[in-house]
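The values are calculated or read from the model by the stated rules, or taken from the named source; none is laboratory data. Here the structure is a predicted model, which is why all the values come from computation and not from measurement. Glycine also receives a Cβ, built like all others from the backbone with ideal geometry; neighbour counts cover every protein chain displayed. When the accessible area is computed, the model is the full protein with side chains, heavy atoms only, and any ligands, DNA or RNA have been set aside. Shrake-Rupley method; radii C 1.70, N 1.55, O 1.52, S 1.80 Å.
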Amino acid sequence: MAVLWRALSVSWVAFAMAQEQCDERICGRNNGASYRGCQTKTKSGRTCQGWEVQSPHTHSRTASRYPGFGLSSNYCRNPDGEPTIWCFTTDPEKTWEFCEVKKHCDETISTSDKGASYRGCQTKTKSGRHCQAWASQAPHTHGVTPHRYQGAGLVGSYCRNPDGEPTIWCFTTDPEKQWELCGSNPGGDDQSGGGGGDSSGGGFGRRSGKNGWVDDHNYFRSLHKAGEVTWDNDLEKKAIDHAKLIKRKGGLFHSDSYNDWPPSGENLAMGYGSSCSAAHRDGGPKLYDGGYDQHCAMASWYGEYYLWKGRGDWQTVAGLGHFTALVWKGIDTIGCASNGNYHVCEYGSTQCRAKNKQYGGSECWNSHPSHLPNFNMGQCSGGKCVQGLFNLSTGLEEILEEEPVAGAAGMLAMGTGVTMLLAGAVLVVRRLRAHSPVTDGGDQELLCTSPATGLEA
């Protein structure tokens with residue numbers, strides 16, 4: 001029941017945030033109890049502590065205990081009858097303090113942080129398109145949600161910069177334009193995503209198609225100090241062909257990806273439903289709030305990290321094959337495809353282009369790390385092939401420490417793979433199992449870790 005209540009309270013907070021507006025007016029009749037502005041500083045300039053955060057100060061003023069008072073993010077509020085709005089502070093020496101009453105939205109955009117601290121009220125992009133609310137998944141599904149980027153000011157449909165873009169931006173309500181920059185651009189580049197121009201990427205769940213596959217992979221890989229991958233048209237063709245085949249056959253089974261040129265590792269996913277939970281059988285984190293699409297498949301593959309969390313040797317943990325392929329340091333190219341709710345990604349390297357050689361020849365697989373994922377895992381000590389989290393600036397560590405999402409059930413055995421039952425969606429994921437070549441050291445290993453007890457793959 002505690003887990004369910006936590007999930008329900010989080011959903012309530014997200015809903016409340018979607019409804020908030022940066023209205024800086026304070027009603028004298030209730031001393032600011034109805035205030036829904038975006039101030040995050042006290043009168044003395046201290047930064048406010050998030051209402052759902054219990055550090056550095058523990059407290060009872062939470063959204064679940066004070067519903068209806070707008071206790072989201074770290075905005076100044078007055079839930080308990082103080083003379084005016086206030087907040088707990090991030091200063092360990094100062095528990096709480098009153099906030100200054102502002103009359104207007106502060107439209108200052110700091111060039112030092114590219115607008116990350118901006119809490120103004122712009123709701124249109126540079127081209128005049130209206131912004132989509134951050135808590136909404138229509139018309140564009142995405143992973144930049146208030147729950148994942150707490151403290152970034154993602155309320156209503158206001159322009160913000162939670163993830164390091166050149167300046168403030170938003171998703172748009174134009175179905176043909178996924179996202180676009182707002183306001184002043186310190187870098188001078190007119191970047192945008194979706195129709196009408198390309199973008200430099202910038203995170204998980206932002207774009208779809210080829211650009212989205214590359215963005216998503218590089219986002220997760222960057223968290224584990226793995227180099228960026230680029231798109232490979234030959235790997236894409238393999239993925240397209242196999243996605244068509246598994247959809248026509250109505251089930252998941254692997255191609256001979258390690259022998260079919262160019263050789264590659266392979267991740268598969270299939271699912272249905274309108275809501276992606278991307279939770280692991282052991283109760284993993286919710287990494288994506290959109291529908292069942294390519295980002296849901298990515299979140300599900302990456303979600304296996306929750307089984308390991310960087311503790312001990314990953315080679316000893318069962319069920320990490322999709323995750324390790326995704327962040328494998330030896331690969332540098334990918335090619336992916338979707339066909340309906342079937343998704344395929346191939347993982348290879350520019351070093352694996354030799355033809356008429358098994359597994360692309362020794363220059364492909366007999367390196368450390370191998371240029372094919374999950375080869376020669378015995379040669380992967382010290383983070384050489386797969387590394388734990390090293391860059392926690394995205395807040396992913398906090399997400400991984402959360403309690404399991406409500407409704408996530410365990411994996412079930414299947415003859416053709418592993419089934420993940422999710423809240424609102426069903427996902428089937430499968431990774432390739434085969435024997436690797438014998439290394440110079442004479443060791444011969446399975447390409448993937450063994451499945452969990454009682455499961456077949």
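General remarks:
- Matching residues in the range 297-330 - criterion: being in contact with a helix residue (DSSP H, G or I) (Cβ under 8 Å, 6 or more places away or on another chain), among the small types (Gly, Ala, Ser) and part of a helix (DSSP H, G or I): Ser300, Ala325
- A Cβ distance below 6 Å, combined with a sequence gap of six or more or placement on separate chains, defines the contacts here; from the range 341-370, residues that are of a type in the set (A, V, I, L, M, F, W, C) reach residues that are open to solvent by 10 Å² or more (accessible area, probe 1.4 Å) and at pLDDT below 85 in the pairs Trp365/Pro437.
- Some residue of the range 287-294 being within 23 Å of Arg248 (Cβ to Cβ) and in contact with a helix residue (DSSP H, G or I) (Cβ under 7 Å, 6 or more places away or on another chain): yes
- Considering (1) within 13 Å of Pro262 (Cβ to Cβ); (2) buried (at least 24 other Cβ atoms within 10 Å of the Cβ); (3) under 26 Å from the mean Cα position of the chain (by Cα), the lone condition that Cys364 does not fulfil carries the number (3).
- You will find that of Trp328, Trp301, Trp314, the residue that is buried (at least 19 other Cβ atoms within 10 Å of the Cβ), of a type outside the set (D, E, K, R) and more than 27 Å from Gly251 (Cα to Cα) is Trp314 and no other.
- Count - residues of the range 105-154 that are over 27 Å from Tyr292 (Cβ atoms), under 20 Å from the mean Cα position of the chain (by Cα) and open to solvent by less than 10 Å² (accessible area, probe 1.4 Å): 1
- When the range 27-56 is filtered for residues that are open to solvent by less than 50 Å² (accessible area, probe 1.4 Å) and part of a loop (DSSP other than H, G, I, E, B), the ones remaining, listed by number, are Cys27, Gly32, Ala33, Tyr35, Gly37, Cys38, Gln39, Thr40, Gly45, Gln49, Gly50, Trp51.
- Checking Lys286 against (1) of a type in the set (Lys, Arg); (2) over 17 Å from Gln137 (Cα atoms); (3) modelled with pLDDT under 80, the condition it does not meet: (2)
- Of note, Ser338 satisfies the criterion of being farther than 15 Å from Val229 by Cβ, polar (S, T, N, Q) and either surrounded by fewer than 23 Cβ atoms within 10 Å (Cβ to Cβ) or modelled with pLDDT of 85 or more (or both).
- Across the range 13-40, the number of residues qualifying as at positive phi and either within 34 Å of the chain's Cα centre (by Cα) or at pLDDT below 60 (or both) comes to 0.
- Scanning the range 173-227 for residues that are of a type in the set (Phe, Trp, Tyr) and either modelled with pLDDT under 85 or open to solvent by less than 20 Å² (accessible area, probe 1.4 Å) (or both) returns Trp179, Phe204, Trp213, Phe220.
- Within the range 289-306, the residues that satisfy the criterion of being within 15 Å of Thr324 (Cβ to Cβ) and either modelled with pLDDT of 85 or more or in contact with a Phe, Trp or Tyr (Cβ under 8 Å, 6 or more places away or on another chain) (or both) are Met298, Ser300, Trp301, Tyr302, Gly303, Glu304, Tyr305.
- Among the residues listed as Trp301, Trp314, the single one being of a type in the set (Phe, Trp, Tyr) and over 25 Å from Lys237 (Cβ atoms): Trp314
- Looking only at the range 70-102, residues that are farther than 23 Å from Tyr118 by Cα, modelled with pLDDT of 90 or more, of a type outside the set (D, E, K, R) and open to solvent by 50 Å² or more (accessible area, probe 1.4 Å) come to 2 in all.
- Scan of the range 329-366 for residues that are touching a Lys or Arg at 6+ places or on another chain (Cβ under 8 Å) and on the phi > 0 side of the Ramachandran plot, ordered by number: Gly340, Gly360
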